[in-house]
């Protein structure tokens with residue numbers, strides 16, 4: 001007869017097809033979630049530092065342009081806007097370069113550079129810009145190139161936004 005695998009796996013007791021139930025790692029009389037007395041690893045105080053240079057546009061919401069944790073810098077999405085919040089760049093190429101320059105300014109204030117990017121998130125108004133974006137970003141990055149996701153999104157009034165995670169040498 002046909003046995004439903006879900007019902008079979010939920011039965012109590014040993015499964016004759018699988019053989020006897022293997023012994024439990026803990027004695028039957030002790031609770032399973034009893035805390036261990038051994039520390040698994042040392043606790044360290046983690047320092048979180050915010051970076052918000054005056055040379056990039058102020059955040060448009062409750063977030064920071066850059067957050068440093070240990071030897072990593074997390075850069076919030078930047079777009080082609082100047083420190084005054086006005087859009088910069090008429091062409092797609094100008095917008096990408098200005099956006100990357102904004103990211104570089106935050107990175108420099110934290111002691112690193114886009115050359116140390118380990119991940120990039122690129123948000124384009126259309127994937128028709130994909131090849132041009134690849135050409136421009138190669139001017140700012142070096143091998144090994146960072147991991148990257150490129151996503152088409154509905155950007156209003158501009159064509160690109162980029163976020164990143166960077167490694168900070170000698171930080172920690």
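Where a number appears in this text, it was derived from the coordinates with a stated rule and is not lab data. Not measured: the values here are computed from a predicted model. Ideal geometry is used to build each Cβ from the backbone, glycine not excepted, and the neighbour counts take in all protein chains shown.
Of all DSSP beta bridges in region 37-172, what percent run antiparallel (nearest 5)? About 80 percent, rounded to the nearest 5.
By the count of other C-beta atoms within 10 Å, a proxy for reagent exposure, 48, 162, 168, 137 are ordered fewest to most as 48, 168, 137, 162.
Going from the residue with the fewest nearby Cβ atoms within 10 Å to the one with the most, 63, 140 rank 63, 140.
What percent antiparallel are the DSSP beta bridges of region 108-162, to the nearest 5? Write out the running numbers ahead of the final one.
Details: 3 of 9 bridges.
Here the share of antiparallel DSSP bridges comes out near 35 percent.
Highest mean packing comes first when the peptides 92-103, 68-79, 148-159 are listed by Cβ atoms within 10 Å, giving 92-103, 68-79, 148-159.
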